[in-house]
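Novice: Pasting a structure here, questions to come.
The values are calculated or read from the model by the stated rules, or taken from the named source; none is laboratory data. Just so it is clear, the model here is predicted, and its values are computed rather than measured. The protein model used for the area step is the full one, side chains on, heavy atoms only, and it has no ligands, DNA or RNA in it. Shrake-Rupley method; radii C 1.70, N 1.55, O 1.52, S 1.80 Å.
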Amino acid sequence: MTTHPTQPDSAATIPETALSEPSTTQSTMLAELYDDGLNDACHILKQLDYDLLSMKQIPSDQTLEKAKNIRVIWFISGYSLTVLFLFSLLGFLPWWIGGFFGVGLFLLGLTCVDGFLPNQLGANSFALLTAKREQLELELKKYITTIEGSLGFIHLLQPLSYFNKNLEKHYFIRLCAASQQHRLMKHLTNYREFQLYYQYLIEALAANEKREAWIKAHPNPDSAQSEQANKTAAA
């Protein structure tokens, strides 16, 4: 279990207004909020590894793009210096100029190694970062597959939208529908989709805190009646 990240100040709405709705709507809402399945799902929600889910260790698209551009520049520079160095060897350029090109090739070869220059990506960074990203994404997919299980997970958290309307955004609804239909892993195919999954869990965490506070102020009437009936029967 890892420390929960700071939840955003979401546009949450305590469902007091729902208590003024028709009895059918009210009873449906209360049944969802007090449901044991939701309680179990929220318990799992608080135990998740948010360090892994946050993808902080996964190279971003911007980092990969920067590394790719550096590799392109490195190859162009290497090709240009090699051609000029060969021209000097063939006598088309003075030998001393060829010496400068040779030194340039040597230094350029050193910069191929990532970390040779402080705070500067090397020419091989793109390959290294790509391999790292693939490995970490594979680990993340395995973890999310474990979370979702055979029945799906995040769709069980949908009643929390009573406390956080952000959970009703169309891209979150799409993820929940895929979770309910056991097709979520087919949707998690890129960096952006993983971010949305993580953001949904963060929004759900914020909503669950409000739900727990609300339930403390509004104990389950069915549980209270059952407890009172047990006391009466015992007497």
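Novice: Roughly how much of D36 is accessible, in Å² to the nearest 10, using a 1.4 Å probe?
Specialist: Counting only protein heavy atoms, D36 exposes about 110 Å² to solvent.
Novice: Give the lysines whose C-alpha is closer than 25 Å to that of K132, dropping any in the same chain fewer than 8 places away, or say none.
Specialist: K56, K66, K68, K141, K142, K186
Novice: Given H placed 1.01 Å from N in the peptide plane, which residues other than close sequence neighbours of Y34 have an amide H under 5 Å from its amide H?
Specialist: none
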